[in-house]
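Asks: Starting off with a structure, shown below.
The values are calculated or read from the model by the stated rules, or taken from the named source; none is laboratory data. If you're wondering where the values come from, they're calculated on a predicted model, not measured in any experiment. Cβ placement follows ideal geometry from the backbone for every residue including glycine, while neighbour counts extend to all protein chains displayed. These accessible areas exclude ligands, DNA and RNA; they are computed on the full protein's heavy atoms, side chains included. Shrake-Rupley method; radii C 1.70, N 1.55, O 1.52, S 1.80 Å.
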Amino acid sequence: MTNPPPDAEARRAVPPVICYPNDTLPQPPLALYADALAQAEVVETAVAPPRDACHFRVDAGQFFRITSVEGPQVGDLNLWNAQDLAERFYSGKTRALHGTHLTTGRRMWSAFPYLRPMATIVEDSLDWYGADAFGGRVHDVIGTRCDPYTGNLLSGSQYHHCCHSNLTRALAEATGLPRAKAEPHVHDVLNVFMCTGFTADTGQYFMKASPVRPGDHLTFFAEIDLLGALSACPGGDCSSEHSSDTAQCYPLRVDILTPPAGALSGWTPPGVNGYDRSHGP
């Protein structure tokens, strides 16, 4: 380690600046969404079995709710435009706009060149958790998803029920694509119910036992027509490890809810980003 310069402490003391001040972001009409949700009825249900995934479709103006059933379980969520797989959830930009973890009022944003809201969180039964003494929070957009490639790199394993593989199989089933064609569309996730953060000393990504319990749920409003896939992570509540058959795992349920006609009066799906895409002269 190099010797610190004389002004080291002064350099450290420079205050931080938020990279993307978000006070100019269009604000979701949460009161309208809440009123529509209160009148909505479940019209379809999908279940992600333990160590596997499910897929589902949600029309713009519908809701979808992910619920823990039977026992504590975290899930990895992918979203795509139902008509165009190229428009998919962009976890990195969502993190830049909203922070490392999402809750009520935060949105899942789509990739370039679209960059528009795909879904808005309207209910979070774990919003009471906040930040714990370790800096852990719930529902992160930090982690990528457990995958067989990293497992092979670190331990030489050939594990097929990690979230990346689960999501690949689910997308292939939903679209009819062969797995090799579906896999490139699988992307970094929203880690639903997962409790994570960064260690203060080494800055490493950590996970700890999720506070989720049966009945806890996260509810989203679909801003555009969506195709979704949800993996019930092989880590269970992620209290010890993932990408193995060691942890106790449970299913996750996805309910699709439709509000009555007129409940969203005045609402329209967001258009794609207004940048002209010329990238200069």
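Asks: Can you tell me which of Ala10, Ala34, Ala38 is of a type in the set (Gly, Ala, Ser), in contact (Cβ under 8 Å) with a residue 40 or more places away in the chain and either over 20 Å from Cys163 (Cα atoms) or surrounded by fewer than 12 Cβ atoms within 10 Å (Cβ to Cβ) (or both)?
Replies: After ruling out the rest, the residue left standing is Ala34.
Asks: In the set Ala96, Ala86, which member is in contact (Cβ under 8 Å) with a residue 12 or more places away in the chain, farther than 24 Å from Leu30 by Cα and either of a type outside the set (A, V, I, L, M, F, W, C) or not in a loop (DSSP other than H, G, I, E, B) (or both)?
Replies: Ala86
Asks: Also: I'm trying to understand the selection: among the residues of the range 197-243, which are modelled with pLDDT of 95 or more, in contact with a helix residue (DSSP H, G or I) (Cβ under 8 Å, 6 or more places away or on another chain) and not aliphatic (A, V, I, L, M)?
Replies: Once the filter is applied, which keeps residues that are modelled with pLDDT of 95 or more, in contact with a helix residue (DSSP H, G or I) (Cβ under 8 Å, 6 or more places away or on another chain) and not aliphatic (A, V, I, L, M), the range 197-243 yields Thr219, Phe221, Ser231, Cys233, Pro234.
Asks: Now, a different point. Would you check if there is a residue in the range 205-213 being in contact with a Cys (Cβ under 7 Å, 6 or more places away or on another chain), open to solvent by less than 10 Å² (accessible area, probe 1.4 Å) and among the small types (Gly, Ala, Ser)?
Replies: Checking the range 205-213: at least one residue is in contact with a Cys (Cβ under 7 Å, 6 or more places away or on another chain), open to solvent by less than 10 Å² (accessible area, probe 1.4 Å) and among the small types (Gly, Ala, Ser).
Asks: Only one of Ala82, Ala86 is at pLDDT 95 or above and surrounded by fewer than 18 Cβ atoms within 10 Å (Cβ to Cβ). Can you tell me which?
Replies: Among Ala82, Ala86, only Ala86 is at pLDDT 95 or above and surrounded by fewer than 18 Cβ atoms within 10 Å (Cβ to Cβ).
Asks: Also, I was wondering about something else. What pairs come up if the first residue lies in the range 261-281 and is part of a loop (DSSP other than H, G, I, E, B), the second is surrounded by 10 or more Cβ atoms within 10 Å (Cβ to Cβ) and among the polar types (S, T, N, Q), and their beta carbons are under 6 Å apart, counting only those six or more places apart or on different chains?
Replies: Going by the 6 Å Cβ cut-off, the qualifying pairs are Ala263/Gln39.
Asks: Of the residues that make up the range 58-65, is at least one in a loop (DSSP other than H, G, I, E, B) and among the small types (Gly, Ala, Ser)?
Replies: yes
Asks: Pro21 - would you say it is at pLDDT 95 or above and out of contact with any Lys or Arg (no Cβ under 6 Å at 6 or more places or on another chain)?
Replies: no
Asks: Across the range 249-262, which residue is nearest to the chain's Cα centre (by Cα) among those that are open to solvent by 10 Å² or more (accessible area, probe 1.4 Å) and farther than 30 Å from Ser239 by Cα?
Replies: Per the criteria, the residue is Thr258.
Asks: Okay, next question. Restrict the check to the range 5-19 and report whether at least one residue is among the acidic types (Asp, Glu), over 26 Å from Pro259 (Cα atoms) and not in a strand (DSSP E or B).
Replies: Yes, the range 5-19 contains a residue that is among the acidic types (Asp, Glu), over 26 Å from Pro259 (Cα atoms) and not in a strand (DSSP E or B).
Asks: What single numbered condition from (1) within 20 Å of Cys249 (Cβ to Cβ); (2) out of contact with any Gly (no Cβ under 6 Å at 6 or more places or on another chain); (3) among the small types (Gly, Ala, Ser) fails to hold for Ala133?
Replies: Condition not satisfied by Ala133: (1).
Asks: Also, quick follow-up: For Gln73, which of the numbered conditions (1) assigned to a loop (DSSP other than H, G, I, E, B); (2) within 21 Å of the chain's Cα centre (by Cα); (3) farther than 24 Å from Ser210 by Cβ fails to hold?
Replies: (3)
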